[in-house]
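Below is one structure, written out as structure tokens, with a few remarks after it.
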Amino acid sequence: METSIRYGGDTKALRIHAKEKFPIDSKTHMLIRGELDTRIGAPSYVSAVIRHFYPDLSASLGVGLQYDRHEKLRYTVRGKKTFPVTNDGLLTFNVKGQCDVDKEFRERKSRGAAEFSWSIFNFQRDQDVRIKVGYEVFDKVPYLQIRENNWTLNADINGRWNVRFDL
């Protein structure tokens with residue numbers, strides 16, 4: 001099980017996040033995620049997604065359910081396609097999208113992004129770094145992610161930010 005501690009500037013709450021992948025076959029797994037909001041002392045998010053990988057296409061597709069304390073139960077579909085920019089695969093261009101609908105199929109929320117991802121191995125001794133620069137298409141917001149081993153910082157041009165530490 002992978003766990004992390006997360007803090008966001010918008011919520012001002014420390015959240016404990018956990019996820020587990022259960023293999024179905026060599027290219028498919030079920031991903032279960034949950035999050036506990038320490039401010040309210042209750043789960044804030046739970047999801048189950050079946051995700052299939054298409055290695056020949058450098059793509060993945062996932063379908064599942066999610067529940068959060070604000071919007072209740074929602075169905076979700078997500079996809080991602082990666083295009084290598086360099087021969088070594090350390091610089092890629094990613095296109096990803098997600099669509100969530102409520103259980104009555106009335107309300108829809110879509111997200112989509114295009115991003116460059118640059119992985120730098122041994123940036124310093126025993127330190128790997130990944131930098132992502134992207135654009136969220138539906139909200140029309142540029143964003144940045146910097147990841148260093150266990151630490152991740154996300155920020156966007158509107159001043160939203162969050163930090164994550166993988167345990």
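The values are calculated or read from the model by the stated rules, or taken from the named source; none is laboratory data. Please read all numbers here as calculations on a predicted model, not as lab measurements. Cβ atoms come from the backbone with ideal geometry, glycine included; neighbour counts cover every protein chain shown. Quick note on the areas: whole protein, heavy atoms, side chains included, nothing else; ligands and nucleic acids left out. Shrake-Rupley method; radii C 1.70, N 1.55, O 1.52, S 1.80 Å.
Brief remarks on what is shown
- Any hit, region 44-51, residues being surrounded by 16 or more Cβ atoms within 10 Å (Cβ to Cβ) and of a type in the set (Phe, Trp, Tyr): yes
- Test: residue in region 159-167 that is touching a Lys or Arg at 6+ places or on another chain (Cβ under 6 Å) and more than 25 Å from Glu35 (Cα to Cα): no
- Within region 11-31, being open to solvent by 30 Å² or more (accessible area, probe 1.4 Å), under 23 Å from Leu73 (Cα atoms) and outside any strand (DSSP E or B) holds for one residue alone: Thr11.
- Which listed residue is hydroxyl-bearing (Ser, Thr, Tyr) and within 14 Å of the chain's Cα centre (by Cα), from Ser26, Ser47, Ser58: Ser47
- Against the test of being without any contact (Cβ under 8 Å) to a residue 40 or more places away in the chain, surrounded by 13 or more Cβ atoms within 10 Å (Cβ to Cβ) and either closer than 18 Å to Arg111 by Cα or of a type in the set (Ser, Thr, Tyr) (or both), the options Gly34, Gly79 yield a single qualifying residue, Gly79.
- Residues of region 150-167 satisfying the condition of being open to solvent by less than 80 Å² (accessible area, probe 1.4 Å), of a type outside the set (A, V, I, L, M) and under 16 Å from the mean Cα position of the chain (by Cα): Asn150, Thr152, Asn154, Asp156, Asn162, Arg164, Phe165, Asp166
- Condition check for Leu91: open to solvent by 60 Å² or more (accessible area, probe 1.4 Å), out of contact with any Gly (no Cβ under 8 Å at 6 or more places or on another chain) and not aromatic (Phe, Trp, Tyr): no
- Residue that is over 16 Å from Val95 (Cβ atoms) and modelled with pLDDT of 95 or more, where the choices are Val133, Val129, Val137: Val129
- Just so you know, in region 111-144 the residues that are polar (S, T, N, Q) and closer than 18 Å to Lys81 by Cβ include one that is least open to solvent (accessible area, probe 1.4 Å), and it is Ser117.
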